[in-house]
Each structure stands twice: as structure tokens, then as C-alpha cells.
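> Would you mind keeping the following structure in view while I ask a few things?
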Amino acid sequence: MLGITRKDFIIQSLNFNLKNPWNILRLTVGGFLLPHALGKFVNGSINPAVLGFFDKAGFNPPETWVLIAFLAEIICGIALVMGICSRFAAIGAAITLIVATASLHVVKGFSWYWNVGGYEYPVFWAIVSICLAMHEFQRKN
């Protein structure tokens, strides 16, 4: 079943059972997206460094794309933490992270190590998100 059902929107206590490693992973992915989204803003407005990055990456107008990225990360993060529409939220997170990886490549060229601005970190989290989505789709069938 690939479609969204009413059950996808029900918050269930079993989604918070920390004896299930998939729940831990889902909560972690969602939890990591939230501060990443919030980092796009500083003092109530768009972070100038983030705005400059989006501009260099070719997103025009950059303000609009920062807001789109923020909303994607917040919606996916909250959905994953709450365990609602998890399979689709994980796909959304993966897509967002793949776009972030491609953007890093456009701005910096090939640079793997995260500590020097490379894309090691978003690639890792994109793969984790894909694995989580695959698990959630198998679980729903």
C-alpha cells in the first residue's frame, strides 16, 4: 500500500517504544532536522550566510528557497518525531538532503569531509533517511 491512509496521521504509542531500534533511528533523523531548519534564521530573519549560500548555489530568489528548505525540514522533522506519515517524511528528508548535497557540490566542488564544508554529513543522513523510508514502506505492507 503506497497511498496515505487515515492511520498514517494517528500518533501511536508504539512509535515511541525505544526498545525498537527503528523508532530510535526515526526519532534521531527527525530530531536532527529540526535544529538544522532553525539554523536558517538568526535574530528573527534569514541567516545572511545561509542566504549567500543559496544564492551561490543558484537558487533564485534565494529568500524563497531558504523558506522552502526550512518548511521541508520542519515538516519532515516534526512528522518523523511524531511518527506520522513516516515513510513519506523520510523520503522528503532524503530528497532535501540530496538537494543539499548537490548544492554543496555546486558551491564548493568535490569536497567530502564535513569539517571542511564537504558533503559527508548530508550524504550520510540521506542514506539513513532512505533506509528508514524503505523500512517504513515494508512495515506498512
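> What are the residues whose amide H is under 5 Å from the amide H of N47, where those residues sit 5 or more places off or on another chain and H is modelled from the backbone?
Hits under the 5 Å cutoff: F41, V42.
> Would you mind calculating the gained length between T5 and N17 on full extension (0.36 nm times residue separation, minus the Cα-Cα distance), in nm to one decimal?
2.1 nm
> Same structure, new question: Hey, what does the equivalent ellipsoid look like for the chain, semi-axes from the Cα gyration tensor as sqrt of 5 times each eigenvalue, largest first, whole Å?
Equivalent ellipsoid of the chain: 29, 16, 13 Å, largest first.
> Same structure again: Cut-off is 10 Å between beta-carbons; in what order do E63, E136 appear when sorted fewest neighbours first?
Going from least to most buried by this count: E63, E136.
> Only Cα pairs under 8 Å and at least 6 apart count here; give the relative contact order of the chain as a rounded whole percent.
In percent, rounded to a whole number, it is 26.
Since every read-out is calculated from the coordinates, none of them should be taken as a lab result. If you're wondering where the values come from, they're calculated on a predicted model, not measured in any experiment. Note that each Cβ is placed from the backbone with ideal geometry, even for glycine, and that neighbours are counted across all protein chains shown.
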